[in-house]
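Below is one structure, written out as structure tokens; the observations come after it.
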Amino acid sequence: MHEMSLALRIIEVAESEAKKAAATRISSIEVEVGRLAGVMAEALTFCLDAASRGTMAESAKIVFITTAGSGHCLDCKRDISVDEFPAQCPDCHGFGVTINNGTELKIRSISIDDNEGRQDNV
């Protein structure tokens, strides 16, 4: 399950950024996941819950933002929406499609609390 290694890295990065900002707690993490990233949201949620135990992010709310996949057909030169691999152009039915977006997995924002009860984003 590669979602566990992804979850561990997300928590590691979130904690590192929170510590730089002198945070005491991470209240939420917003994660952008491309539709073509090959990540199962339910599995990642489960793994993030397990990976965050005993960390600053233990009770953090996890928010997923799903981004659509898009590509460019090399045969008919059109930009297309892509929902799965292998990508087939809906116009010319060719398989010569390059992927432009939808494979990303990144932290968009981290909400933190500090010693004085203030909240901020990093």
Original post:
Residue check: is Leu6 assigned to a helix (DSSP H, G or I), out of contact with any Lys or Arg (no Cβ under 9 Å at 6 or more places or on another chain) and either surrounded by 21 or more Cβ atoms within 10 Å (Cβ to Cβ) or at pLDDT below 95 (or both)?
Top reply: no
Subject >> Of all residues in the range 64-91 being among the hydroxyl-bearing types (Ser, Thr, Tyr) and surrounded by fewer than 17 Cβ atoms within 10 Å (Cβ to Cβ), the one that is farthest from Arg9 (Cα to Cα) >> reply: Ser81
Original post:
Counting residues that are touching a Lys or Arg at 6+ places or on another chain (Cβ under 6 Å) and modelled with pLDDT of 95 or more, which strands (runs of 3 or more DSSP E) fully inside the range 15-122 reach at least 3?
Top reply: 23-34
Original post:
With respect to the numbered conditions (1) in contact (Cβ under 8 Å) with a residue 60 or more places away in the chain; (2) over 13 Å from Leu105 (Cα atoms); (3) of a type outside the set (A, V, I, L, M, F, W, C), which one is the sole condition not fulfilled by Glu30?
Top reply: (2)
Original post:
Can you tell me which residues in the range 3-38 are in contact with a Leu (Cβ under 6 Å, 6 or more places away or on another chain) and hydrophobic (A, V, I, L, M, F, W, C)?
Top reply: Ala7, Val33, Ala37
Subject >> Subset of the range 50-63 [exposed (fewer than 15 other Cβ atoms within 10 Å of the Cβ) and of a type outside the set (Gly, Ala, Ser)] >> reply: Arg53, Glu58, Lys61, Val63
Original post:
Does Ile110 count as in contact with an Asp or Glu (Cβ under 6 Å, 6 or more places away or on another chain), in contact (Cβ under 8 Å) with a residue 12 or more places away in the chain and surrounded by 13 or more Cβ atoms within 10 Å (Cβ to Cβ)?
Top reply: yes
Original post:
What do you reckon, is Phe46 among the aromatic types (Phe, Trp, Tyr) and in contact with a strand residue (DSSP E or B) (Cβ under 8 Å, 6 or more places away or on another chain)?
Top reply: no
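If you go through the range 12-52 one residue at a time, how many are at negative phi and over 12 Å from the mean Cα position of the chain (by Cα)?
24
The values are calculated or read from the model by the stated rules, or taken from the named source; none is laboratory data. Quick caveat, the model's predicted, so the values are computed rather than measured. In this analysis, Cβ positions are derived from the backbone assuming ideal geometry, glycine residues included, and neighbour counts consider all displayed protein chains.
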